[in-house]
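The values are calculated or read from the model by the stated rules, or taken from the named source; none is laboratory data. Bear in mind the structure is a predicted one, so any value in this text is a computation, not a measurement. Neighbour counts run over all protein chains shown; Cβ positions are idealised from the backbone, glycine included. To get the accessible areas, we keep the full protein, side chains included, count just its heavy atoms, and leave off ligands, DNA and RNA. Shrake-Rupley method; radii C 1.70, N 1.55, O 1.52, S 1.80 Å.
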Amino acid sequence: SNLSKITISSGVINIGSGAFENCSNLAEIVIPKSVNSIGENAFAGCSSLKSIEIPENVHSVSSASFKDCTSVEHISIPGRLLPSLSDIFEGCHAVSTLTLTSDIDFFKLMVELCGDLLSTDEVAEALQMLKSNCSAFTKLTTLELTDKVTEIDPETLAIFTSLKAIRISKKNKVYQSE
């Protein structure tokens, strides 16, 4: 397809499976705040995309939604999607900047991964799972926190082993950059 830019209409709540799959010329997508789910392979193979911004209202992103978007350098996601990062963005090895648009509560992530009855072993296993989900992003050097991020714990930051910088929004009232 020759599509190079897509602006999804406000009011759309679901981007269906395979909707824009293999649109290799697609360089820009605008996803409105009305969207709450993105289907499997919705943008898979869109190899010209440079940046992906998933709005805060999106609560469900299927696996491989952005698989093999090989030119993506920047991803912006709500913190709750972090456990699924490698599934959603499989094959996106050029990512160097990740912007988190909401809190990352380590305990909530562990509950999401393990259920609400957590033993010490389950927490350790879940942390290892979270680390492996994010380890594919070997070029990730910058983590950006928007003003909506009010809680992030060291255990979560430790999963990003290649980080060189953390940028914090000037509007953030909890964290500040030096």
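Checking the stated criteria, E53 turns out to be acidic (D, E) and closer than 19 Å to E144 by Cβ. The set of residues from segment 24-49 being over 13 Å from S71 (Cα atoms), surrounded by 14 or more Cβ atoms within 10 Å (Cβ to Cβ) and either without any contact (Cβ under 8 Å) to a residue 24 or more places away in the chain or not aliphatic (A, V, I, L, M) (or both) comprises P32, S34, N36, S37, G39, E40, N41.
Screening L143 with (1) open to solvent by less than 30 Å² (accessible area, probe 1.4 Å); (2) under 22 Å from G91 (Cα atoms); (3) modelled with pLDDT under 65 gives one miss only, at (3). Given the structure, is F89 at pLDDT below 95, among the aromatic types (F, W, Y) and surrounded by fewer than 16 Cβ atoms within 10 Å (Cβ to Cβ)? It is false that F89 is at pLDDT below 95, among the aromatic types (F, W, Y) and surrounded by fewer than 16 Cβ atoms within 10 Å (Cβ to Cβ). Under the condition of being closer than 18 Å to V30 by Cβ, assigned to a loop (DSSP other than H, G, I, E, B) and of a type in the set (A, V, I, L, M), the residues counted in segment 43-96 number 4. Of all residues in segment 33-51, those satisfying the criterion of being closer than 16 Å to L3 by Cβ and more than 16 Å from the chain's Cα centre (by Cα) are G45, C46, S47, S48.
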